[in-house]
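The values are calculated or read from the model by the stated rules, or taken from the named source; none is laboratory data. As the structure is a computational prediction, the values presented were derived from the model and not from experiment. Note that each Cβ is placed from the backbone with ideal geometry, even for glycine, and that neighbours are counted across all protein chains shown.
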């Protein structure tokens, strides 16, 4: 349990059966402090997106950016983002946060935080180039009524990029080895007092968990085995029966096959140029492919461009 003290008073906040840190509505020396508000309530799947006003490949902090400096087409960027927004809005509510000058990767808002039960575990980005986003993201979550869970600067953590709840929301999968520190996993999981399984990423192309691992609403797992070390694969195989595991090929993984948005039985993904959509359809999923080539140049696809705000169980229809 965490408490906050203001002028001798302490305040705890209960969500479900767990108490969390919050703030109270008051004024100190004429300066307002954050309000104590109820967590945001969602009646249907809800996501956060960031329009690409400032998006470009301005630097290289992942292998996909190499050779793509300033190559994204502005016209295609906006057209592709708008199509993704349209398709997501068809199946979910979409909220927006506007990008900021000097933060070209803010469009990849899926890396901003991990959200569950009105609590946002905010990212502590590894690279200075993305640390400029953090104050803007924190301000948005606080204004939207979320409780914020901070990760120390020395313990890198990159939101839903490297931490994903199961569809039922009762288990957390988290990755380390490229961007996020192993030490952050327990700290982040403590925000919800949930179990966490740590996976080790060993291929720098798959620098985030969401590039190679996607728990789906039907209990299936879309994943690229080559991104993980052997002990991690053993953990995955212990958790998912063979018939529930959907391995993708290296060619599909390189097109960000696992970087998908999944709400209920709906899946939105980049264009695969393979039969992956058909394979998913045979399992009962409705698949929509959207061309996101300009964002792949920056190292992300559909999942990286949208952050889940509603609880896992609501988003996945449980």
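What the table below lists for this structure:
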item	result
Which numbered condition residue 318 misses (of (1) closer than 30 Å to residue 55 by Cβ; (2) out of contact with any strand residue (DSSP E or B) (no Cβ under 7 Å at 6 or more places or on another chain); (3) touching a residue at least 60 places away in the same chain (Cβ under 8 Å))	(1)
Helices (runs of 4 or more DSSP H) completely within the stretch 264-318 that count 2 or more residues being crowded, with 16+ Cβ neighbours inside 10 Å and in contact with a helix residue (DSSP H, G or I) (Cβ under 9 Å, 6 or more places away or on another chain)	293-296
Single unsatisfied condition, residue 199 versus (1) buried (at least 21 other Cβ atoms within 10 Å of the Cβ); (2) in a loop (DSSP other than H, G, I, E, B)	(2)
Test: residue 210 is buried (at least 18 other Cβ atoms within 10 Å of the Cβ) and either at pLDDT below 95 or within 27 Å of residue 318 (Cβ to Cβ) (or both)	yes
Selected residue (criterion: surrounded by the most Cβ atoms within 10 Å (Cβ to Cβ)) from residues of the stretch 132-177 that are within 17 Å of residue 208 (Cβ to Cβ) and over 16 Å from the mean Cα position of the chain (by Cα)	177
Flag if residue 251 is assigned to a helix (DSSP H, G or I) and free of Cβ contacts under 8 Å to residues at least 40 places away in the same chain	yes
